[in-house]
1. For region 179-294, what's the relative contact order in percent, using C-alpha pairs closer than 8 Å and at least 6 residues apart?
2. For region 132-147, take each phi angle, set θ = phi - 60°, evaluate the Karplus expression 6.51 cos²θ - 1.76 cosθ + 1.60, and give the result in whole Hz per residue in order, putting x for glycine and proline.
3. For Ala212 paired with Leu54, estimate the spin-label separation in nm (one decimal), with each label point 7 Å from Cα along the Cα-to-Cβ line.
4. Return the lysines within reach of Lys128: Cα separation strictly under 30 angstrom, same-chain partners fewer than 8 residues apart disregarded; answer none if there are no such residues.
5. Starting from 0.36 nm per residue, how many nanometres of slack lie between Arg20 and Ala283 once their C-alpha separation is accounted for?
6. Roughly how tilted is helix 85-94, in degrees to the nearest 10 and between 0 and 90, from the longest Cα axis of the chain?
7. Per residue, how big is the convex hull of the chain when only Cα atoms are used? Give it in Å³.
8. Using r as the Cβ-Cβ distance of Lys111 and Thr247, and R0 as 35 Å, what FRET efficiency do you calculate, to the nearest 0.05?
Amino acid sequence: MPIRRIIIDENAGPCGGVKRVIKLAEKNLAAGIQTASLGAVIHNNVEIDRLTALGLDTVDQAEFQRVEEGGGKRKILIRAHGEAPSVFDRAQELGIDVVDGTCPVVTRSQKYARIYHEQGYQVVVIGKPRHAEVIGVLGHCDGQAKVVHEEADVAQLDPDRPTYVLAQTTISDEMWTSMLAAIQKRVHNVVWRNTICAFVSDREMELRSFAAECDVMLFVGGYNSSNTKVMYDVCRAVNPRAHWIETADEIDPSWFDDAETVGISGSASTPQWLLERIGEELARRSDSESMPPV
Ligand code: SF4
């Protein structure tokens, strides 16, 4: 049966933090300022390719110095995940101008982690130990905060120290609830702040109803994006015919057997133009008309 409707999720598209950092990059590049992002500015290779074509360079921590060697005109762009204070100090030492694209929601997490750390609390982040945002938050606690990702990680916590718990902004509500309960079982004195980004929580609810409307769903996002993984899992729990792709090339025609309605959505790091392009490609292949969102 041919696809009768292709629906682009009107609530999809990058979050405010990602839009902000991309605008900062574009603004500097348009002004002719050589700009290098410290780490991938967005977890989406297609969007990275577009920004690279505009002139954005990407450097890792080891290549930091290379920015200065570019002649002193280059700026370093701090992405939405934020960085540890030591990175800003290092930029200052090297005489490199910083464009701070840290998302304000992440800045708030860093601020509270620092305040509680300075007051002597054991600071605990629920999230992925190697995630850039989490590494940045640890840096605001002199590297002394603990990260818990699985229940077994809770065993490393000191049960007798006053403890402050916060979340990596992109974890699921489910993970927050279960890990917080595990911490409260072990540690006697716990204060906490749910720092999951409201954009992420709201998107979870919207996505559930969007995924339920479609026979098949294409969820578009970078394979290296935490938020994409969380959001894809949300879709998949509601609609087992959800497929995670990065580009239209990965679409398998067999996914659409007996499917009348195909929904296309994406994560906080997926540009809306990419969803539309994939919708057009799918419509072309299935000879159906791309319908406006419902
Ligand atoms: S998901 Fe939320 S916290 Fe993360 S960059 Fe976007 S707006 Fe900021």
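The values are calculated or read from the model by the stated rules, or taken from the named source; none is laboratory data. In this text, all values refer to a predicted model and were calculated from it rather than measured experimentally. Note: ideal-geometry Cβ built from the backbone for every residue, glycine included; neighbour counts use all protein chains shown. What goes into the accessible areas is simple: the full protein's heavy atoms, side chains included, and nothing from ligands, DNA or RNA. Shrake-Rupley method; radii C 1.70, N 1.55, O 1.52, S 1.80 Å.
1. Numbers: 119 pairs, mean separation 31.2, N = 116.
With pairs under 8 Å counted, the relative contact order is 27 percent.
2. Whole-Hz 3J(HN,Hα) from phi for region 132-147: 4, 5, 5, 4, x, 4, 4, x, 7, 10, 6, x, 9, 6, 9, 10.
3. It is 3.8 nm.
4. Lys19, Lys23, Lys75, Lys111, Lys146, Lys185, Lys229
5. Going from the current span to full extension adds 91.5 nm.
6. With rounding to tens, the tilt is 80 degrees.
7. That works out to 130 Å³ per residue.
8. On the way: r = 38 Å, r/R0 = 1.08.
Efficiency, from the Cβ-Cβ distance: 0.40.
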